[in-house]
1. Quick check on my filter: what residues within segment 175-192 are closer than 23 Å to residue 137 by Cβ and among the hydrophobic types (A, V, I, L, M, F, W, C)?
2. Can you name every residue in segment 103-120 that is assigned to a loop (DSSP other than H, G, I, E, B), without any contact (Cβ under 8 Å) to a residue 40 or more places away in the chain and within 14 Å of the ligand (Cβ to nearest atom)?
3. Within segment 177-214, track down each residue that is part of a loop (DSSP other than H, G, I, E, B) and without any contact (Cβ under 8 Å) to a residue 40 or more places away in the chain.
4. For segment 35-52, what are the residues that are touching a residue at least 40 places away in the same chain (Cβ under 8 Å) and either hydrophobic (A, V, I, L, M, F, W, C) or not assigned by TED's automatic domain parsing to the domain that holds residue 63 (or both)?
5. Is there any pair with a first residue in segment 83-99 that is closer than 13 Å to residue 39 by Cβ and modelled with pLDDT under 95 and a second that is within 11 Å of the ligand (Cβ to nearest atom) and among the small types (Gly, Ala, Ser) whose Cβ atoms are under 7 Å apart and which are 6 or more apart or on different chains, and what are they?
6. Out of 70, 130, which single residue is more than 13 Å from the ligand (Cβ to nearest atom) and either over 19 Å from residue 35 (Cβ atoms) or loosely packed, with under 15 Cβ neighbours inside 10 Å (or both)?
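The values are calculated or read from the model by the stated rules, or taken from the named source; none is laboratory data. Predicted model only: the values in this text are computed from it and were never measured. We place every Cβ from the backbone using ideal geometry, glycine too, and count neighbours over all the protein chains shown.
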Amino acid sequence: MTATIIDGKAFAASVRDKVAARVAEIKEQNGITPGLAVVLVGEDPASQVYVRSKGKMTVEVGMNSYEHKLDADTSEEDLLAIVEKLNNDPAVHGILVQLPLPDHLNSDLIINAIDPAKDVDGFHISNVGLLGTGQKSMVPCTPLGSLMMLRDHHGSLSGMNAVVLGRSNIVGKPMAQLLLGDSCTVTIAHSRTKDLADVVRRADIVVAAVGRPQMVPGDWIKPGATVIDVGINRIDAPEKGEGKTRLVGDVDYDSCAEVAGAITPVPGGVGPMTIACLLANTLTACCRANG
Ligand code: GUN
């Protein structure tokens with residue numbers, strides 16, 4: 001079997017088009033422009049790339065983008081003061097503090113200082129609790145984008161066996177909650193899981209979010225299963241020339257694509273959906289704030 005490639009890039013473009021159309025309507029009918037504030041502390045190169053691309057796409061869908069770039073040695077007090085200012089700014093509907101933060105800053109404290117209604121990452125403890133109890137919340141963008149692709153491909157996910165590889169607060173745990181909400185039988189597997197290959201082989205849906213390049217080989221995949229690869233790992237690519245690198249996921253794409261029924265590529269799978277969902281969450285926050 002050769003897997004169907006789930007084209008996250010095209011799907012994300014269609015989500016952004018829908019967001020842009022709704023933003024235009026809100027501007028026209030209510031005179032309101034949704035606004036997203038992104039706070040970056042320090043100069044982590046990967047974070048700088050993400051923040052730049054978030055800002056560019058925010059503007060492309062017609063929203064206002066507010067970027068706050070702070071020195072790596074910014075104090076917790078100063079960062080909390082900025083978050084508070086954004087919480088009280090009616091032009092800001094969504095707030096995202098880029099992670100990871102420098103070690104001297106307490107991420108939990110900062111994230112939980114964000115107004116939950118503006119927490120477009122869905123990381124605030126209130127949103128985590130609302131999601132866990134099946135109530136209306138802000139849903140973390142990467143799991144939300146992954147769920148949208150799964151629903152689009154399968155229609156109903158009810159009764160499917162889903163294995164989520166990885167137990168992070170950002171992806172693994174909320175992904176498991178969302179799949180449970182769609183009536184999957186969910187297993188969260190991690191580095192201590194026994195007989196991991198056998199656990200993964202039982203899955204109709206595999207979501208890989210472990211941050212380890214090409215960790216899942218094709219012979220772990222049940223024939224016909226759907227594989228969602230959340231990993232974005234940069235590895236050496238000597239075949240492209242000296243010092244060159246390339247991006248790979250957490251699954252070994254070539255061998256998994258031979259066995260799976262459907263698979264997301266890296267790049268061009270989950271990644272673009274994450275930013276599209278961030279924009280969708282910002283729109284949702286704006287609509288909720290304005291009745
Ligand atoms: N760093 C890597 N991914 C994310 C994300 O989805 N949100 C935030 N705030 N930081 C990140």
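1. Of everything in segment 175-192, those that are closer than 23 Å to residue 137 by Cβ and among the hydrophobic types (A, V, I, L, M, F, W, C) turn out to be 175, 176, 178, 179, 180, 184, 186, 188.
2. Within segment 103-120, 112, 113, 114 qualify.
3. The answer is 182, 183, 184, 190, 191, 192, 193, 194, 195, 212, 213, 214.
4. Answer for segment 35-52, where residues must be touching a residue at least 40 places away in the same chain (Cβ under 8 Å) and either hydrophobic (A, V, I, L, M, F, W, C) or not assigned by TED's automatic domain parsing to the domain that holds residue 63 (or both): 36, 37, 38, 39, 40, 41, 51.
5. Close Cβ pairs (under 7 Å, with a partner that is within 11 Å of the ligand (Cβ to nearest atom) and among the small types (Gly, Ala, Ser)) do not exist here.
6. 130
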